[in-house]
Amino acid sequence: MPRTSAWIKNAEEIIARVKATTVFALDRVMIAELFSVSARQAANILSEAGGEKIGGAFIVPRDRLISYLDGRASDDPGQKERERRRSLSQTLADIRAAGPRLRAVRPSFSEYTSSLPDGVVVTKPGTLEITYDTPELVLGIMLAMAELSERSPAAFAESLEFHPSGGEED
């Protein structure tokens, strides 16, 4: 059996190089060159891949070698980790390419301990008006309202009641 640690970690690259060849079959010398392995390891790979002795040459059909490599690449325990890292790298690149994200600017907690944050007014029953200068501030106001509703549901519900005069109800 060939020493897998020497070439299996590069299986995907080797597969791509084998696919790029235009020959029908590969011999020991070609395998040694493509895999960057010794002549003995190349012979072992040929044997495992189902190579055949034709005349004085030991060869393996290109398609059979590709199938063998696909199988070995999926057997490699490190392959899953490399795929995970590639996927993570791609995800991070996609996030970076999407551009900067908005960050919420929160009003301080003391400003809304039992009422709505500054910039939020109940204008009529069922209608809130939010006044803001930046998208980050409106995100912060919405976050503050969510925190208030979780911290004190009763106070939050009371703060949403409509008071036509702007003052307290009698």
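The values are calculated or read from the model by the stated rules, or taken from the named source; none is laboratory data. Everything numeric here is computed off the predicted structure, so don't read it as measured data. Cβ atoms come from the backbone with ideal geometry, glycine included; neighbour counts cover every protein chain shown.
Would you call residue 100 over 30 Å from residue 12 (Cβ atoms), modelled with pLDDT under 85 and surrounded by 12 or more Cβ atoms within 10 Å (Cβ to Cβ)? Against the criterion (over 30 Å from residue 12 (Cβ atoms), modelled with pLDDT under 85 and surrounded by 12 or more Cβ atoms within 10 Å (Cβ to Cβ)), residue 100 does not qualify.
Picking from residues in the range 143-166 that are polar (S, T, N, Q) and within 15 Å of residue 121 (Cβ to Cβ), the one that is surrounded by the most Cβ atoms within 10 Å (Cβ to Cβ) is 159.
Of all residues in the range 56-71, at least one satisfies being in the same structural domain as residue 10 (by TED's automatic domain parsing), of a type in the set (Ser, Thr, Tyr) and at pLDDT 85 or above. For the subset of the range 11-36 comprising residues that are under 27 Å from the mean Cα position of the chain (by Cα) and in contact (Cβ under 8 Å) with a residue 24 or more places away in the chain, which member is farthest from residue 71 (Cα to Cα)? Checking each candidate, the answer is 14.
Of the residues examined, residue 135 is not one that is buried (at least 16 other Cβ atoms within 10 Å of the Cβ), modelled with pLDDT under 85 and either in contact with a Cys (Cβ under 6 Å, 6 or more places away or on another chain) or over 30 Å from residue 11 (Cβ atoms) (or both). A single entry from 128, 116 fulfils the requirement of being modelled with pLDDT of 75 or more, surrounded by 11 or more Cβ atoms within 10 Å (Cβ to Cβ), assigned to a loop (DSSP other than H, G, I, E, B) and not assigned by TED's automatic domain parsing to the domain that holds residue 23: 116. Scanning the range 9-61 for residues that are small (Gly, Ala, Ser) and either in a loop (DSSP other than H, G, I, E, B) or within 24 Å of residue 85 (Cβ to Cβ) (or both) turns up 11, 16, 36, 38, 49, 50, 51, 55, 56.
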